[in-house]
1. Report, in debye and to the nearest 20, how large the dipole of segment 74-208 comes out about its Cα centre when Lys and Arg carry +1 and Asp and Glu carry -1 on their Cβ.
2. Note down the magnitude of the dipole of segment 1-131 about its Cα centre, charges +1 on Lys and Arg C-beta and -1 on Asp and Glu C-beta and zero elsewhere, to the nearest 20 debye.
3. Tell me which of His199, Pro14, Ile56 sits at the most positive position along the dipole axis of the chain, charges placed on C-beta atoms (Lys, Arg +1; Asp, Glu -1).
4. Can you pull out the chymotrypsin sites (Phe, Trp or Tyr not before Pro) in segment 45-90 that DSSP calls coil and that have at most 16 other Cβ atoms within 10 Å?
5. Given the Cα-Cα distance of Val123 and Met1 and 0.36 nm per residue of separation, how much length would full extension add, in nm?
6. Just add up the charged neighbours of Glu7: K/R +1, D/E -1, any other residue whose Cβ is under 10 Å from the Cβ of Glu7.
7. Just add up the charged neighbours of Lys74: K/R +1, D/E -1, any other residue whose Cβ is under 9 Å from the Cβ of Lys74.
8. Please name which of Met1, Leu161, Ala171 has its Cα lying farthest along the dipole of the chain towards the positive end, using unit charges on Cβ (Lys, Arg +1; Asp, Glu -1) and the Cα centre as origin.
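None of the figures in this text is laboratory data; all of them are computed from the coordinates on show. It should be emphasised that the depicted structure is a prediction, and the values quoted were computed from it without experimental measurement. Positions of Cβ are backbone-derived with ideal geometry, glycine not excepted, and every protein chain shown enters the neighbour counts.
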Amino acid sequence: MDFEAGEVLYFNKPFGQTSFFLVKKVRNAICRKLDIKKLKVGHAGTLDPLATGVLIVCTGKKTKCIDDFQFQTKEYIATLQLGATTPSFDLEKPIDATYETSHITRELVEQTLQKFIGRIEQVPPTFSAVKVDGKRAYELARKGEEVDLKPKILVIDEIELQEYDDDKKIAKIRVVCSKGTYIRALARDIGEALNSGAHLIGLQRTRIGDIKLNDCIELDDFLTSIDSEN
C-alpha cells in the first residue's frame, strides 16, 4: 500500500473508542512504519464512542475524497430502549426520566416509524460535535451550559422495525438516511412520538454508500499487519 500517495481503508470501529482515536492509531502506526513524522489521515463520518461499524479512513492525497464519502447514503441498525430518556440520548449519560409504556405495541411502533420517512427536521443532540460559536456543543453541554441548536433538514430513505421485545420494550430498527442524521436524535424523536421517551442502547453503522460491514477490517488486525510487514 502507498499510504502517502493515498489509500482508502474501511474499518469496523470498535465499541468505546472515538473515531478520532482510531484515526490517531492508524496514523501513528503508518508513520512509524514509514519512518515519517507527518501524514494526512482523516475519516468520513464520525461515529459516537458507543457505536460500532463502518468507518472510512483516507490517507495522503486520498483525504481529498472524504467529502465524497460523507455525502453518501448511510445505513444503521439501532436498538432503542423505550420508556426512558437520558441527556445524551444514549448510554453515555444515566437515565433522567422514565415514562409509561403500557400503551406501546409492535403495531404502534411500526406505524410511528413510518412518520419519519422522507424529508424531516431534526434538532441535533446537545452532546454532539455541532459547533456553537466556534465550540463543540458537547464541550458546552458537559460544562452545564445551555446549548441552543437549530433544526436541520435531512432525509430518511428507509426505516423499518426488525425486532421488538414487548416485555422489555426494546425495538431494533434499520435506518437508511442522508448525511447529517443523528440516530440518537432520531431515537429521541421516536420516543416523543410514542409518548414514552426513548434512548439508544446499541448502534451499528452497516453501510456507507456501497461499502458494507463485510468489507471492513478490525483495527487490531490492521495494526498487527502494519507491524508485521517487511
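1. Details: 21 positive and 22 negative charges, 131 e Å.
Here the size comes out at about 620 debye.
2. Numbers: 18 positive and 15 negative charges, 177 e Å.
Dipole about the Cα centre, nearest 20: 860 debye.
3. The one lying farthest along the dipole's positive direction is Ile56.
4. Details: sites: Phe69, Phe71, Tyr76, Phe89; in loops: Phe71, Phe89.
Sparse-neighbourhood loop chymotrypsin sites (Phe, Trp or Tyr not before Pro): Phe71.
5. Values: separation 122, 0.36 × 122 = 43.92 nm, distance 4.11 nm.
My answer for the length gained is 39.8 nm.
6. On the way: positive: Lys61, Lys62; negative: Asp2, Glu4.
It works out to a net charge of 0.
7. Working: positive: Lys179, Arg205, Arg207; negative: Glu75.
That sum, taken over residues with Cβ under 9 Å, equals +2.
8. Met1
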